[in-house]
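Input: a single structure, listed below in structure tokens.
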Amino acid sequence: MLGRVGCQVDTGLVLDAHVTSQAGPPEGHQTVSRAFDPELVPDARGATDRPEPDCPVEIALAAISGRWTTLVLRELMGGPRSFGELREALPTLSAKVLTERLGGLTDRGLAVREVRPGFPSRTTYRLTAAGLRLRPLLAELYRTGAALSGFNP
């Protein structure tokens, strides 16, 4: 079955699309097949010719997007933290940006905000199971960045 260029529509990881032939008469067509690296594109969601919101790579990138997000995630990987503890761990991060990053993480279901009863009430943030799944991604990004910078620990 054929679909628009860049969309995986059959069960394999080969993309078929009809394109106008550049070498033949104007009415001629040829089929172009493209095989994807199965490690990079293990299923149909990644077989696309442009960023798609349901592409797993785009979802992962959106999860860590925004300046400071990776550092906030790093701090929350150690367990629940209060807003004040996060400010103390990241002293040059403004309260406004921290609030925005925590809001984004909670909106995406990667963190939860918990208000504990009592006086004064205490608000903590913790990663959800989905947020904790970002740990290997962050570790690999660090290793890759270190390798690209020429740093070998």
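Listing for the model above:
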| read-out | value |
| --- | --- |
| Percentage of interatomic Cα-Cα distances in region 56-149 larger than 19 Å | 40 |
| Qualifying chymotrypsin sites (Phe, Trp or Tyr not before Pro) in region 72-153, DSSP loop, other Cβ atoms within 10 Å at most 12 | F151 |
| At R0 = 25 Å, FRET efficiency that the Cβ-Cβ distance of E140 and R116 yields, to 0.05 | 0.15 |
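Bear in mind these aren't lab numbers, they're just calculated from the coordinates by the rules spelled out. Everything numeric here is computed off the predicted structure, so don't read it as measured data. Note that each Cβ is placed from the backbone with ideal geometry, even for glycine, and that neighbours are counted across all protein chains shown.
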